[in-house]
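The values are calculated or read from the model by the stated rules, or taken from the named source; none is laboratory data. Quick caveat, the model's predicted, so the values are computed rather than measured. Note: ideal-geometry Cβ built from the backbone for every residue, glycine included; neighbour counts use all protein chains shown. The area values use the complete protein model at the heavy-atom level, side chains included, leaving out ligands, DNA and RNA. Shrake-Rupley method; radii C 1.70, N 1.55, O 1.52, S 1.80 Å.
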Amino acid sequence: MSAPLRVGVLGCGSIARRKALPALGACPGTVVAAVASRDKDKAARYSAEFGGEPVGYDELLAHPGVDAVYLAVPTGLHHEWTRAALEAGKHVLAEKPLTASAAHTRELVELAAARGLVLRENFVFPHHAQHRAVRELLAAGRIGEPRSFDAVFCIPPLPSTDVRYSPQLGGGALLDLGVYPIRAAQDLFGELELVGACLREDPGTGVDVGGSALLVSAGGVMVGVRFGLEHAYGSWYTAWGSTGRLLLDRAFTAPAGLEPVVRITDAQGEHEERLPADDQFRRAFEAFAAQVREGRHEPDPATLRTAELVDEVRRTARRASSTGSPGGLA
């Protein structure tokens, strides 16, 4: 493909409006061909601002002018609509997590491979150059031999009507936020094994609103992750080594204009590595478009492994009530 990738946006949620559509417009390898919403007026508003034809979901999948679908519906609907898009012959970039279970994720990965289509899970943060810089610092031995890694992604409470409080729509802190630090640890240290986990559950909605997990890498690095929907904001990770440690703030949410700073503490004191700004959303769309154009259909193995680890956390975690009442542990 030498022409721009024609993308249909399925779902007019907040992430599409704030991040995805502006990034698509800034990416030279893509063009917005259609915007689909269950609310036709909303689709028309988005189309007027970002381009593309306003359509319904089924119309988008049948649209001959759409090569690929960017999926931005709630997590609980990812499996249904990703499958429908693949069966319609469209490449798919689906917001993370790809599905709410490892079984559904495996099914979609196998379907995409059978159809010769690109299927990517839209974790955008790994595309930011700051994480490549961290990998280079670790490889150069700036903190010695890595011993432990801790990562946090927490946000304050959301309005009670937010889809992340709906179990039917794949809500919960683990699927929405916990997948980020788990993926970051995978990217930096490879294969992980779950050691233990705890989830805080809201007794009214039944969704997890916070949690933590302990994992270990194949190389013996101890990994701690924390996540939640009821906390002061935090989005960072720190790696601790035999001779020093490093800290990266805004690890998962670096805005396009931010110049990240890696703080390294060792025997000589604290040092700062200032890094260039980057646009992780635009980079993610560029990578997807390049993969489609080059015909590279191979799945990212981390996609299925992340889903398997999330399933393990849910299956084995100790439960605590978010009310903090005595006897909350289960």
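What to note about this one:
- Residue check for D249: in contact with a strand residue (DSSP E or B) (Cβ under 9 Å, 6 or more places away or on another chain) and closer than 16 Å to R164 by Cβ: no
- Output for the stretch 53-102, where each listed residue is in a helix (DSSP H, G or I), crowded, with 24+ Cβ neighbours inside 10 Å and not aliphatic (A, V, I, L, M): H78, T82
- Residue within the stretch 191-207 that is among the hydroxyl-bearing types (S, T, Y), under 18 Å from the mean Cα position of the chain (by Cα) and either modelled with pLDDT under 95 or open to solvent by less than 20 Å² (accessible area, probe 1.4 Å) (or both) present: no
- Selected residue (only one of G76, G51 is of a type in the set (G, A, S), over 23 Å from Q291 (Cα atoms) and at pLDDT 95 or above): G76
- Note on the stretch 137-167: residues that are among the charged types (D, E, K, R), farther than 16 Å from D266 by Cα and out of contact with any Lys or Arg (no Cβ under 9 Å at 6 or more places or on another chain) amount to 2.
- The numbered conditions (1) surrounded by 18 or more Cβ atoms within 10 Å (Cβ to Cβ); (2) over 29 Å from Q268 (Cα atoms) are all true for T238 except (2).
- Unmet criterion (only one of (1) part of a loop (DSSP other than H, G, I, E, B); (2) in contact with a strand residue (DSSP E or B) (Cβ under 6 Å, 6 or more places away or on another chain)) for V223: (1)
- Only residues that are in a strand (DSSP E or B), charged (D, E, K, R) and in contact (Cβ under 8 Å) with a residue 24 or more places away in the chain were counted across the stretch 252-308, and they come to 2.
- The residues in the stretch 4-52 that are open to solvent by 60 Å² or more (accessible area, probe 1.4 Å) and of a type outside the set (S, T, N, Q) can be counted, and the count is 16.
- In the stretch 273-311, residue surrounded by the most Cβ atoms within 10 Å (Cβ to Cβ) [restricted to those that are of a type in the set (K, R) and closer than 22 Å to V9 by Cβ]: R282
- Residue in the stretch 114-136 that is in a helix (DSSP H, G or I), under 28 Å from S14 (Cβ atoms) and among the aliphatic types (A, V, I, L, M) present: yes
Conditions tested, residue by residue: (1) surrounded by 14 or more Cβ atoms within 10 Å (Cβ to Cβ); (2) at pLDDT below 95; (3) out of contact with any helix residue (DSSP H, G or I) (no Cβ under 7 Å at 6 or more places or on another chain); (4) part of a helix (DSSP H, G or I).
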{"residue": "P156", "(1), (2), (3), (4)": "no, no, yes, no"}
{"residue": "T161", "(1), (2), (3), (4)": "no, yes, yes, no"}
{"residue": "G171", "(1), (2), (3), (4)": "yes, no, no, no"}
{"residue": "L174", "(1), (2), (3), (4)": "yes, no, no, yes"}
{"residue": "Q186", "(1), (2), (3), (4)": "yes, no, no, yes"}
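Here is a yes/no grid of residues against (1) closer than 18 Å to F123 by Cβ; (2) basic (K, R); (3) in contact with a strand residue (DSSP E or B) (Cβ under 8 Å, 6 or more places away or on another chain):
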site	(1), (2), (3)
I15	yes, no, yes
L24	yes, no, yes
K40	no, yes, yes
V69	yes, no, yes
G89	no, no, no
V92	yes, no, yes
K96	yes, yes, yes
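- Condition met for D150 (assigned to a helix (DSSP H, G or I), in contact (Cβ under 8 Å) with a residue 40 or more places away in the chain and surrounded by 14 or more Cβ atoms within 10 Å (Cβ to Cβ)): no
- Here L108 meets the list (1) buried (at least 23 other Cβ atoms within 10 Å of the Cβ); (2) of a type outside the set (F, W, Y); (3) more than 30 Å from H91 (Cα to Cα) almost entirely, failing just condition (3).
- Subset of the stretch 2-40 that is in contact with a Gly (Cβ under 9 Å, 6 or more places away or on another chain) and in a loop (DSSP other than H, G, I, E, B) - its residue that is nearest to F285 (Cα to Cα): P4
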